[in-house]
Amino acid sequence: MNEVKENVLKMENVVMQFGGVTAIDGLSLEVNRGEIVALIGPNGAGKTTAFNCITGIYQPTSGVVSFKGENLKGKSPDCITRLGIARTFQNIRLFSNLTVFDNVLIAKHLRAHDNVFTATLRLNLKEEDRMRRETEKLLREQDLYELKDEIASSLPYGLQRRLEIARALATSPELLLLDEPAAGMNPQETQELTDFIVKIRDQYHLTVFMIEHHMDLVMQISERIYVLNFGKLIAQGSSEEIQNNPEVIEAYLGGSEDA
Amino acid sequence: MKYDFSRKKKRDAVLDLLLIAVVLGICGFLEANKYNYSYAISIIERSMIYAVVAVSMNLVNGFTGLFSLGQAGFMALGAYVTAILTIPVSQRPSVYYISGINPLIANLSAPITLALILGGLVAAACAALIGIPVLRLKSDYLAIATLGFAEIIRALIAAPMMDTITNGSYGLKSIPGFSSIFQVLILTVVSIGLMVLLINSSYGRMFKAVREDEIAAEAMGINLFHTKELSFVISSFFAGISGGMLAMFMRSIDSKTFQVSLTYDILLIVVIGGIGSVTGSVLGAFVVTAGRELLRFFDEPLTVAGVSIPLFRPGFRMVIFSILLMVVVLFYSRGLMGTNEFSWDGIFGFFRRKRKAVKAEGR
Amino acid sequence: MSLTTFLQQCLTGISLGGAYALIAIGYTMVYGILRLINFAHGDIFMMAGYFMIFAMASMPWFIAVPFVLLVTTVLGVGIERVAYKPLRSAPRMSVMISAIGVSYLLQNLATYLFTALPMAYPEIPGLKKIFKIGGLSASFVTFFTPVLTIVLVYLLITLIHHTKMGMAMRAVSKDYETAALMGIDINRTISFTFAIGSLLAAIGSILYFTDRMTVFPFSGSLPGLKCFVAAVFGGIGSIPGAVVGGFVLGMGETALVAAGYSTFSDAFTFVVLIIILLVRPTGLFGEKTTNKV
């Protein structure tokens with residue numbers, strides 16, 4: 001078996017300050033191709049801020065974020081998505097008044113070759129047709145096809161999460177960032193999600209980097225775990241290593257009660 | 001099920017043809033008797049022109065979610081370009097008799113369609129420039145900045161330095177009118193048709209994505225600025241076209257024609273029709289324009305049984321109109337159509353529900 | 001230009017700026033609390049002008065002035081109750097459209113009631129009295145406006161920082177929902193804000209129209225927009241900002257008119273707006289905000 005690890009995402013000494021507040025303080029981490037890596041830590045540790053630095057919503061105060069060796073500095077969020085990083089949001093952000101089908105179809109446009117004239121005058125029928133077929137295929141794979149004409153906001157919570165992941169997949173990413181995918185799910189739903197994440201990783205040849213609070217999920221599938229507290233990396237390693245790390249236990253039990 | 005579906009489709013096609021025939025029939029009838037119906041024709045023509053600009057405003061405000069209030073400024077650009085290019089060369093000395101005409105434009109003229117398109121392009125180019133700074137602003141700042149730009153455009157048009165081009169505060173006269181109501185109809189149908197095609201295309205979907213959630217749209221690889229700019233520029237292009245049409249309709253224009261109140265009028269049409277509905281905007285344009293004329297009797301003194309009612313005097317109509325408008329804004333915020341579009345199913349459904357309601361009451 | 005003319009123009013500019021400042025405060029306070037451009041604010045100002053005409057026709061000025069202030073305040077609070085309160089949870093565009101609707105209604109109502117022709121503004125005894133200092137001559141109102149503005153702003157800032165109601169206003173403007181959870185009566189606080197804004201607009205209207213001498217149904221719309229720009233210039237939500245903005249715009253406009261560019265005096269406002277939005281979108285004294293994802 002080939003054991004050469006190809007680096008997909010790399011953060012080197014990333015600092016993010018808002019005015020006088022340092023949300024991330026010298027974060028360095030790596031995610032390798034095909035891995036499922038988790039970023040955990042108490043509330044307010046700076047996990048979502050780290051995601052926002054990767055996806056270009058925030059520009060880090062200092063430090064380097066690179067994707068497949070390419071520095072992401074100064075790149076806008078849409079540019080970064082185009083490079084192959086897709087994400088979901090902690091508080092689901094669907095196009096709520098549009099249908100399930102349109103939600104996914106919009107994401108497909110990223111890889112389309114058309115312009116506003118060909119699109120308006122319907123000269124892009126081939127492209128449009130391809131996007132629709134791919135959307136249909138993706139929705140079938142995700143068991144969302146029956147719901148394709150439903151308005152996104154009318155779906156139950158769990159399905160909205162699934163749709164958000166499907167929409168992220170539609171951009172044909174290599175790296176998928178999931179921000180608390182199991183938030184608000186019961187143990188059974190969480191278990192289903194756990195299997196689902198592994199399944200999509202294998203099916204779409206993805207690398208997954210996720211923020212999660214459900215420790216069952218994290219310990220079951222993450223190859224490696226990074227622990228963040230007050231913006232600083234306090235531990236990293238396999239699930240056993242993290243479970244036995246005194247500093248991590250301290251951070252969770254001593255720092256905040258809602259872990 | 002499938003059989004039913006195709007029958008429905010056939011029914012819709014027949015009804016569509018019928019509707020087109022009725023519209024053409026009405027226009028033909030009016031055109032044939034245009035001296036008897038000049039009042040009705042003018043209401044219909046104005047409604048159609050407003051429909052074009054209302055749909056263009058809906059494109060940015062309703063479909064892209066940008067609260068832009070610059071419509072009047074872009075209409076002014078379209079109107080002036082069209083006017084300058086179409087006023088017959090022989091009549092120009094009499095139009096510009098006060099400050100003379102700039103030699104650059106003295107002999108410049110273009111056929112009507114080309115002039116309208118050029119008017120639209122000038123408006124679009126101006127929008128592209130304005131868009132670079134203002135489209136980065138958030139909702140209400142954007143509204144006030146676009147409003148401001150419209151006022152600046154108007155001030156420039158009225159400025160003394162522009163006298164030899166825009167004829168300053170005297171405005172432009174002798175603009176050739178429409179040859180027939182069909183010309184207005186064709187321009188309106190083509191303009192709105194293009195916008196509908198755009199809204200239903202992949203780019204239209206991107207506009208809607210930006211409207212729904214800017215951050216999610218960006219995460220889906222949509223460039224916010226390009227998308228907003230595109231919507232803004234295209235909307236301004238059609239606002240320019242409708243401005244040109246308005247110039248042809250009015251035959252004479254000046255910078256006062258394009259005050260902020262014009263933008264507000266268009267906004268009201270969009271709101272009454274339903275923000276996010278093209279057919280709503282078209283319907284709104286007709287309802288508002290015709291409504292304003294029909295309410296005219298409020299302005300006439302009214303005498304009931306020898307007692308003259310003091311409320312009825314000039315201006316009362318607009319008061320009633322504004323109160324109606326507030327009622328719509330406060331209690332029917334979805335307007336006539338909400339975000340729905342016209343469909344025969346919708347019409348039949350509406351009547352069926354009505355009939356059921358009547359039956360239920362009768363019981 | 002001689003020094004006297006220059007000082008004369010400065011005086012005019014400061015006086016106009018003072019009136020603008022008073023109106024701009026209304027915008028900035030309402031925006032601070034509701035995040036709404038109260039498009040009707042300029043028209044409230046215009047209505048105050050008409051109230052004054054009718055009040056002065058039937059009562060002495062010392063009764064007419066408080067009466068007009070009261071009626072204008074009631075009008076402002078009433079508008080909030082009828083047109084904005086029902087839309088508290090509606091999208092922002094709807095509230096803004098409602099504000100435009102109210103503005104439209106007030107203008108049409110004024111046209112209907114008082115005709116579109118300008119009406120003469122009455123004189124309050126003493127305000128138009130001409131004073132001469134050296135070569136400068138100006139009416140009393142010109143000197144009085146900036147002084148009154150400063151005094152009122154001082155009182156307002158004291159109110160906001162040292163009273164319970166002021167604290168409530170600050171809390172509501174920071175976070176609406178949390179303030180409600182803390183037991184603050186949101187509706188009362190908002191009404192109070194509109195009351196103060198309208199009161200200041202009424203005072204501003206007396207000073208402004210005494211100088212201009214006529215009122216017509218649209219005399220509120222352009223000054224209204226300008227004062228909003230003044231509020232944006234100073235940093236929306238900041239009262240000292242609105243005052244500075246008002247003075248800057250008033251003086252800039254007067255300077256343009258003096259230099260012979262009166263056609264552009266209105267456009268000037270918007271040029272200022274666009275420059276400030278580009279260079280410093282939060283205005284002179286505005287706070288920076290980061291949007292949360």
Under Karplus coefficients 6.51, -1.76 and 1.60, residue-wise ³J(HN,Hα) of segment C:16-21 in Hz, glycine/proline x: 4, x, x, 5, 4, 4
Helix-only [θ]222 nm of the protein assembly as shown, DSSP H runs n ≥ 4, -39500 (n - 2.57) each, per residue, nearest 500: -20000 deg cm²/dmol
Ignoring solvent entirely, what values of log10 I(q)/I(0) come out of the Debye formula for segment A:120-253 at 0.09, 0.16 Å⁻¹ when each Cα is a single scatterer? -0.36, -0.91
Between B:Lys9 and A:Ala183, what is the spin-label point distance in nm, taking each point 7 Å from the Cα along the Cα→C-beta axis? 4.4
Just from the alpha-carbon atoms, what are the Rg and Dmax of segment B:41-353 in angstroms? 20.5, 71
For C:Ile150 and A:Arg132, extending 7 Å from Cα along the Cα-Cβ vector and measuring point to point gives, in nm, a value of 7.1
B:Leu302 label point, 7 Å along Cα→Cβ, cut-off 12 Å on backbone N: hits in segment B:317-355? B:317, B:320
Could you tell me, in Å, what Rg and Dmax come out for the Cα atoms of chain A? 19.0, 64
Just the Cα atoms of chain C, one point each, no solvent: what log10 I(q)/I(0) does Debye give at q = 0.07, 0.08, 0.14 Å⁻¹? -0.26, -0.34, -1.04
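Return the tail of the calculated pair distribution for segment C:1-131, meaning the percent of Cα-Cα pairs more than 22 Å apart. Mind dumping the intermediate values first?
Numbers: 4245 of 8515 pairs.
Result: 50 percent of Cα pairs exceed 22 Å.
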Inside 10 Å of the C-beta atoms of C:105-112, what's the mean count of C-beta atoms belonging to other chains? 6
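If you wrap a convex hull around the Cα atoms of segment A:93-155, how much volume per residue is inside, in Å³?
Details: hull volume 5.9 nm³, N = 63.
Roughly 93 Å³ of hull volume per residue.
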Cα centroids of segment B:29-75 and segment A:87-128: how far apart, whole angstrom? 30
Residue by residue through C:262-270, how many Cβ atoms from other chains fall within 10 Å of the Cβ on average? 5
I want to make sure I understand the PRE zone here: with the label point 7 angstrom from the Cα of B:Met161 toward its beta carbon, which residues in segment B:63-84 have backbone N atoms less than 20 Å away? B:77, B:80-81
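For chain A, the longest stretch holding no GluC sites (Glu not before Pro) located in a DSSP loop with at most 14 other Cβ atoms within 10 Å is which?
Numbers: sites that count: A:Glu3, A:Glu6, A:Glu223, A:Glu257.
The segment A:7-222 is the longest one with no such site.
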Just tell me which lysines come within less than 21 Å, Cα to Cα, of A:Lys126; anything on the same chain fewer than 8 places away is out. A:Lys108, A:Lys137
Just to be sure I understand the curve: with the Debye formula and one point per C-alpha of segment A:20-103, what is log10 I(q)/I(0) at q = 0.14, 0.15, 0.24, 0.25 Å⁻¹? -0.58, -0.66, -1.40, -1.46
One checks the Cα atoms of segment B:97-221 and finds Rg and Dmax, in Å, of 19.3, 58
Residues with amide H under 5 Å of A:Ala235's amide H, sequence separation 5 or more or different chain, H placed in the peptide plane at 1.01 Å from N; which? A:Val227
Once you have all Cα-Cα distances for segment B:1-127, histogram them in 5 Å bins from zero and send the whole-percent values. 2, 8, 11, 12, 12, 14, 14, 11, 7, 3, 2, 1, 1, 1, 0
Top mean-square fluctuation among A:Lys126, A:Lys47, A:Lys73, Gaussian network model of chain A, C-alpha springs under 10 Å? A:Lys126
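Under a Cβ-Cβ cut-off of 15 Å, what is the net charge of the residues other than B:Thr86 that fall near it, where Lys and Arg count +1 and Asp and Glu count -1? Mind dumping the intermediate values first?
Values: positive: B:Arg92, B:Lys173, B:Arg251; negative: none.
Residues near B:Thr86 contribute +3 overall.
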Semi-axes of the equivalent ellipsoid of segment C:127-189: what are they in whole Å, largest first, if each equals the square root of 5 times a C-alpha gyration tensor eigenvalue? 42, 9, 8
In Å, the Kirkwood hydrodynamic radius from C-alpha pairs for segment C:155-293 sits at 17.0
Counting other Cβ atoms within 10 Å, keep those with at most 16, restrict to DSSP loop, and tell me which GluC sites (Glu not before Pro) in segment B:264-363 are left. B:Glu341
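Can you tell me what percent of all Cα-Cα pairs in the protein assembly as shown are more than 55 Å apart?
Working: 89241 of 418155 pairs.
Roughly 21 percent, once rounded to a whole number.
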For a paramagnetic label modelled at 7 Å from the Cα of A:Asn97 toward its Cβ, which residues of segment B:59-87 fall within the zone defined by backbone nitrogen distances under 13 Å? B:59-67
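Bear in mind these aren't lab numbers, they're just calculated from the coordinates by the rules spelled out. Quick caveat: nothing in here was measured; it's all calculated off a predicted structure. Note that we place each Cβ from the backbone using ideal geometry, even for glycine, and neighbour counts take in every protein chain shown.
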